[in-house]
1. Of the conditions (1) closer than 26 Å to Gly20 by Cβ; (2) under 24 Å from the mean Cα position of the chain (by Cα); (3) part of a loop (DSSP other than H, G, I, E, B), Arg195 satisfies every one except a single condition; which number is it?
2. In region 44-63, which residues are out of contact with any strand residue (DSSP E or B) (no Cβ under 7 Å at 6 or more places or on another chain) and more than 10 Å from the ligand (Cβ to nearest atom)?
3. Among Ala210, Ala136, which is the only one that is modelled with pLDDT of 95 or more, part of a helix (DSSP H, G or I), open to solvent by 30 Å² or more (accessible area, probe 1.4 Å) and of a type outside the set (S, T, N, Q)?
4. Residues Thr68, Thr95, Thr112, Thr90: which one is within 16 Å of the ligand (Cβ to nearest atom) and exposed (fewer than 15 other Cβ atoms within 10 Å of the Cβ)?
5. Return the residue satisfying two criteria in turn: it lies in region 234-268 and is open to solvent by 20 Å² or more (accessible area, probe 1.4 Å) and touching a Cys at 6+ places or on another chain (Cβ under 9 Å), and of such residues it is nearest to Leu224 (Cα to Cα).
Amino acid sequence: MTTSQARPSRSRRVIQWGTGNAGRPALRAIVRHPDLELVGVHAHAPEKIGRDAAELCGLDAPTGVLATDDVDALLGLDADCVSYMVQGETRIRETIDELSRALAAGKNVVNTSLVFLVYPPSMPAALREPLDAACAEGGSTLFTSGLDPGWSGDVLPLAVACACETVDSIRVTEMMDYSTYEDPGFTGLFFGYGRPLSFEAPLFSPGAIAGGWGGMVHLVADALGWHVEELREEHERLPAPETFETAMGTIERGTCAGVRFELQGLIGGEPAVTAAHVNRLRADIGPDWPSLSGERSGYRIEVEGSPSYTCEIEPRGEHGDHNEAGILGTAARVINAIPAVCDAAPGLVTPLDLPIFTGPGRPR
Ligand SMILES: NC(=O)c1ccc[n+]([C@@H]2O[C@H](COP(=O)([O-])OP(=O)(O)OC[C@H]3O[C@@H](n4cnc5c(N)ncnc54)[C@H](OP(=O)(O)O)[C@@H]3O)[C@@H](O)[C@H]2O)c1
């Protein structure tokens, strides 16, 4: 088995760009990682500028690395990799420009922003070409992932399919209760939680689900040697039976409290690869919708073939919460990729281009 787990001869020098939901656990992971060294931090909010990275991510011991918004100074640092976790979906053009700037400056980039980047071969050329050109200019590599889209819908089902003689279809469903997910500003608005069911939530505008999850569907199909002929989007929302409080905000009675959607990659009119979501804000919303056993939150991976497999994955954070685990897992998925991405050939890479890698084992 080829893995990237052999310890590198020197630490990789990393700049963390973004100190939000994903950026904070990423900072902690970089500081604690035995093979990584934090050399720079970019922050946007004026109150974060000049503060030590440790303070921004809840670590006690100062790192000596102070947050800055000076991009030229950051990209002028001697660094192997930028870990980019800025809010991307509300600023697509700026994000492509910032990623391109880092890549052209010769920095490899691991990234969670702009989820359609998880599989660059399926991206529109107009968005991919500046990134390709920047990689060529800088001799650098870009890898984008997360938990979903990302890990749950690419390496996990493909790992399961490794033990099939033949595969007929793959379906991955995220079934996460989002009531503890502190992201009302983006996910809350994007999914339309707490808004009337008639609200034109951005997620349900035609093409938006395909934009977010199409990469995942195409990646899995390509790995299986399939050509997806058509993408089909479905969605459904359910109202709150009464008013209740969540980390997504107050959900008034009758407003959106549950979202179910899926993207089917069709071959011969049949779903071959499906990326699905069931995101309730309370366990009793949508009793007819799919659930994990025991009403847990996580992912169900269904590989139909010979043989067939069904797996349930339940992420749990340090305090038992699945949303805390989800955001930490998103950060860890790309931070752990840094050595492999630094060693990869220049260009836009996917999990299909990288060896197996894991988080570092705790010293025992
Ligand atoms: N695939 C997955 O599983 C997955 C999971 C979670 C997130 N994501 C993606 O990862 C990215 C980061 O997510 P997140 O939850 O960490 O986002 P977030 O907390 O909402 O925002 C991240 C950071 O973006 C910066 N920012 C916000 N508006 C900005 C602006 N106008 N100009 C410059 N910087 C700005 C802020 O930096 P400061 O704090 O320094 O001001 C903020 O901390 C998003 O694109 C998200 O979609 C993917």
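1. It fails just one condition, (2).
2. Looking only at region 44-63, we keep the residues that are out of contact with any strand residue (DSSP E or B) (no Cβ under 7 Å at 6 or more places or on another chain), and these are 44-47, 54-55, 57-61.
Matches in region 44-63: Ala54, Glu55, Cys57, Gly58, Leu59, Asp60, Ala61.
3. Numbers: Ala210 fails: open to solvent by 30 Å² or more (accessible area, probe 1.4 Å).
Residue meeting the stated conditions: Ala136.
4. Values: Thr68 fails: exposed (fewer than 15 other Cβ atoms within 10 Å of the Cβ); Thr95 fails: exposed (fewer than 15 other Cβ atoms within 10 Å of the Cβ); Thr112 fails: exposed (fewer than 15 other Cβ atoms within 10 Å of the Cβ).
Going through Thr68, Thr95, Thr112, Thr90 in turn, just one is within 16 Å of the ligand (Cβ to nearest atom) and exposed (fewer than 15 other Cβ atoms within 10 Å of the Cβ): Thr90.
5. Of everything passing the filter in region 234-268, Arg237 is nearest to Leu224 (Cα to Cα).
The values are calculated or read from the model by the stated rules, or taken from the named source; none is laboratory data. Note that the structure is a prediction, hence the values are computed from the model and not measured. As a convention, Cβ positions derive from the backbone with ideal geometry for all residues, glycine included, and neighbour counts pool all protein chains shown. When the accessible area is computed, the model is the full protein with side chains, heavy atoms only, and any ligands, DNA or RNA have been set aside. Shrake-Rupley method; radii C 1.70, N 1.55, O 1.52, S 1.80 Å.
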